[in-house]
Amino acid sequence: DVKVTQSSRYLVKRTGEKVFLECVQDMDHENMFWYRQDPGLGLRLIYFSYDVKMKEKGDIPEGYSVSREKKERFSLILESASTNQTSMYLCASSLIIGGNEQFFGPGTRLTVL
Amino acid sequence: QKEVEQNSGPLSVPEGAIASLNCTYSDRGSQSFFWYRQYSGKSPELIMSIYSNGDKEDGRFTAQLNKASQYVSLLIRDSQPSDSATYLCAVNPQGGKLIFGQGTELSVKP
């Protein structure tokens, strides 16, 4: 079974702090994704990566950056957290970009005060 | 125009009934279709994938795909209270990333 893990289930940070969210998958998947999910807005893609050191902007990349130094690990960085970044953050991975299922991690509920 | 549309619900069905969840999509070239189940406060869990026209059955779940009409549906037979969740439809346009619908909330009443 695919396993996607995220570093924290719950996180509380203050405005202006730099925040790192880590995601690790154990199935040698090529692609990894970061989403945020908010009530009424559904799942929104922030960034994705189809290879080590490669990244592509999703639908809402502003205020975020990512890092993929190793195939199994994909990090989401909030350079200067703001209250409007309070959300559920979900990491996913898939074997290939087109046509392949995405498997999600448990999510990180981030609160920015 | 939303690329993947679902009725938000809530859809309420009695225990033991068939729950029918529907999804329409706009990209006619879409190749892959998925249904995820998401319990409150949890992450989405893949329950069905379908790639060709027709029905695909897995236990109590049946996914139906009609590419000509651009819709995909999920039937849950013998619905149980534990099936109460939000069901997300996801579509993979040609060569693209997964596009998710907003989800349909299902409530199964004992």
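The values are calculated or read from the model by the stated rules, or taken from the named source; none is laboratory data. Since the model is a prediction, treat every value here as computed from it, not as a measurement. Neighbour counts are summed over all protein chains in view; Cβ atoms, including those assigned to glycine, are modelled from backbone coordinates with ideal geometry. Side chains are part of the model used for accessible areas, which takes the heavy atoms of the whole protein and leaves out ligands, DNA and RNA. Shrake-Rupley method; radii C 1.70, N 1.55, O 1.52, S 1.80 Å.
B:A68 satisfies every condition listed in (1) under 18 Å from A:F104 (Cβ atoms); (2) among the aliphatic types (A, V, I, L, M); (3) open to solvent by 70 Å² or more (accessible area, probe 1.4 Å) except (1).
Among residues belonging to the range B:7-25 that are of a type in the set (A, V, I, L, M, F, W, C) and within 21 Å of A:Q37 (Cβ to Cβ), point out the one that is surrounded by the fewest Cβ atoms within 10 Å (Cβ to Cβ). The residue in question is B:L11.
Evaluating B:T62 against the criteria (1) under 30 Å from A:Q6 (Cβ atoms); (2) in contact with an Asp or Glu (Cβ under 8 Å, 6 or more places away or on another chain); (3) surrounded by 15 or more Cβ atoms within 10 Å (Cβ to Cβ); (4) not basic (K, R) leaves one unmet condition, (1).
All of A:E72, A:E62 fail the test of being farther than 15 Å from B:S43 by Cβ, surrounded by 14 or more Cβ atoms within 10 Å (Cβ to Cβ) and over 11 Å from the mean Cα position of the chain (by Cα), apart from A:E72. Mind listing just one residue for me: the one in the range B:31-45 that is open to solvent by 30 Å² or more (accessible area, probe 1.4 Å) and in contact (Cβ under 8 Å) with a residue 40 or more places away in the chain and, of those, farthest from B:E105 (Cα to Cα)? Checking each candidate, the answer is B:Q31.
Only a single item in (1) more than 14 Å from every other protein chain (Cβ to nearest Cβ); (2) closer than 24 Å to A:P106 by Cβ; (3) open to solvent by 60 Å² or more (accessible area, probe 1.4 Å); (4) of a type in the set (D, E, K, R) is not met by B:R28, and it is number (2). With respect to the conditions (1) in contact with a Leu (Cβ under 6 Å, 6 or more places away or on another chain); (2) touching a residue at least 24 places away in the same chain (Cβ under 8 Å), A:E101 falls short on a single one, namely (2). Candidates are the residues of the range A:2-52 that are under 16 Å from A:R73 (Cβ atoms) and of a type in the set (G, A, S); the one that is most open to solvent (accessible area, probe 1.4 Å) is A:S7. Of everything listed in (1) more than 24 Å from A:P39 (Cα to Cα); (2) within 14 Å of chain A (Cβ to nearest Cβ), the single unmet condition for B:L75 is (2). Scan the range B:2-24 for residues that are within 14 Å of chain A (Cβ to nearest Cβ) and either more than 30 Å from A:S87 (Cβ to Cβ) or touching a Cys at 6+ places or on another chain (Cβ under 8 Å) (or both) and the total you get is 4.
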